[in-house]
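What follows is a short report on a single structure.
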Amino acid sequence: MTKHTWRETPIRPDFPEDVREWLDRADGRRLRDSLRVIAQATLAAGFDNAMLAASDSIGLRPEAGPAETDLVSLALRHRDGEPDGTDAQGPDLLDYDRCINGDGPDDGEEGR
């Protein structure tokens, strides 16, 4: 897709403002690559989740935009209700702490 075609496509208004603006500023190759990755995320997790993931990706790395390496994963996390894999307080590391400190249910016993 060319920059001109992107600006005229009927689906453009359906993109969130931050994603649309980022794509508007992208050069031809980056635009094409980003739309390809967004299409993959859409197939995997649906359009709304792909848009949330694209917004996340652009927010994390505005100079790079939607990243092929993580966009589908982010979209799937949104679909599954875990956009960043944590809750409001961060990831639960209690089991890890118990394992390291040896104060878990088996008190550090080996060979589970």
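Were the residues from E63 through E21 laid out at 0.36 nm apart, the gain over their Cα-Cα distance would be 13.8 nm. Residues L35, L71, L52, ordered by accessible area of protein heavy atoms at a 1.4 angstrom probe radius and largest first, appear as L52, L35, L71.
In segment 13-32, whose amide N lies under 20 Å from the spot 7 Å out along Cα-to-Cβ of A39? List them in ranges. Only 13-16, 19-32 fall inside the zone, counting backbone N under 20 Å.
Take the Cβ atoms of F47 and C99, set R0 to 35 Å, and the FRET efficiency comes out at 0.30. In this rough spin-label picture, where each label sits 7 Å from Cα along the Cβ direction, the I11-D80 distance is 2.5 nm.
The values are calculated or read from the model by the stated rules, or taken from the named source; none is laboratory data. Only a predicted model underlies this, so the values are computations on that prediction, with no experimental measurement involved. Methodologically, a virtual Cβ is constructed for each residue, glycine included, from the backbone with ideal geometry; neighbour enumeration extends over all protein chains shown. Just so you know, the surface numbers come from the protein's heavy atoms only, side chains and all, with ligands and any DNA or RNA stripped out. Shrake-Rupley method; radii C 1.70, N 1.55, O 1.52, S 1.80 Å.
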